[in-house]
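Encoded as structure tokens, the structure appears first; notes follow it.
The values are calculated or read from the model by the stated rules, or taken from the named source; none is laboratory data. These numbers were taken from a predicted model, which means no experiment stands behind them. When we count neighbours, we look across all protein chains shown, and the Cβ atoms used for this are built from the backbone with ideal geometry, even at glycine.
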Amino acid sequence: MTNMHSEEASIQKGKGLFKAEVVVTPFEDRMVVRKDYSRYRNTLLSPIASFIIGRETKLLRRVRDLPCCPDLVRVDDKFSFTMEYIDGKNVRESVRNGARIRFHDILKAINMLHRNDIIHNDLRGANILVDRQGGIFIVDFASAIVIPRPLRFLKTRLRCLDLASALKIKKKLLNQPLTEKELKIMSGRKWLKAVQYVWKQQILRLFGRR
């Protein structure tokens, strides 16, 4: 989606371990988002940064036909890539500005990922965008899990990682009550949070060092 701005603007500063520099910048005849880990170039952490970029761009290629995900524009190099800019605000900002967001639309976007064997694994208000037409987009696939074919029997349980996070958004940001079934999913969040911690803090970094 094209924005009217024509100057580069920062979305996220690269402060903290493996936090990318994220900017909105002009590219050809449109605005795009560039995610950049170049500050790790020529450091001991460069293999991990390169691994994160390679992994996320691979996931963006996998979801390129899904209407709820931004398109990958190009891979700039081993430490940065460029993707489609979504002209909108995240869920938290949208609610604050009075937007009416249907939780059903968020679930629909999440289900698109799950049907393609992808667990986002980091769903929160900042990673769900609402465009000017009310469309829902899911961004930031750095922590996502692709379920391999032999392990698809785990999909139902792994889906709860995303569903529990989405229900937290429903309750705290959208101020909507949870059903009994949804409360049951939320009750398992301690186990789910443990799985997320192991994946993000242990497994991703282990593979990044290889």
Seminar exercise, completed: Residue hits (the range 133-189; acidic (Asp, Glu) and within 29 Å of Lys58 (Cβ to Cβ)) are Asp140, Asp162
Exercise. Does Leu183 satisfy the criteria of being more than 30 Å from Ile48 (Cα to Cα), part of a loop (DSSP other than H, G, I, E, B) and hydrophobic (A, V, I, L, M, F, W, C)?
Worked result: no
For this session: Kindly establish whether Ile128 is among the aliphatic types (A, V, I, L, M), within 15 Å of the chain's Cα centre (by Cα) and on the phi < 0 side of the Ramachandran plot.
Result: yes
Exercise. Out of all the residues in the range 34-51, is one or more in contact with a Pro (Cβ under 8 Å, 6 or more places away or on another chain), under 28 Å from Leu107 (Cα atoms) and surrounded by 18 or more Cβ atoms within 10 Å (Cβ to Cβ)?
Worked result: no
For this session: Could you please give the count of residues in the range 141-160 that are part of a loop (DSSP other than H, G, I, E, B) and surrounded by 14 or more Cβ atoms within 10 Å (Cβ to Cβ)?
Result: 5
Seminar exercise, completed: The condition of being touching a residue at least 12 places away in the same chain (Cβ under 8 Å) and not assigned by TED's automatic domain parsing to the domain that holds Arg149 holds, among Ile128, Ile48, Ile101, only for Ile48
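Matching residues to (1) within 27 Å of Pro177 (Cα to Cα); (2) aliphatic (A, V, I, L, M); (3) touching a Pro at 6+ places or on another chain (Cβ under 9 Å); (4) crowded, with 18+ Cβ neighbours inside 10 Å:
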residue: Arg62; (1), (2), (3), (4): no, no, no, yes
residue: Asp71; (1), (2), (3), (4): no, no, no, no
residue: Asp76; (1), (2), (3), (4): no, no, no, no
residue: Lys89; (1), (2), (3), (4): yes, no, no, no
residue: Gly98; (1), (2), (3), (4): yes, no, no, no
residue: Arg102; (1), (2), (3), (4): yes, no, no, no
residue: Asp117; (1), (2), (3), (4): no, no, yes, no
residue: His120; (1), (2), (3), (4): yes, no, no, yes
residue: Val139; (1), (2), (3), (4): yes, yes, yes, yes
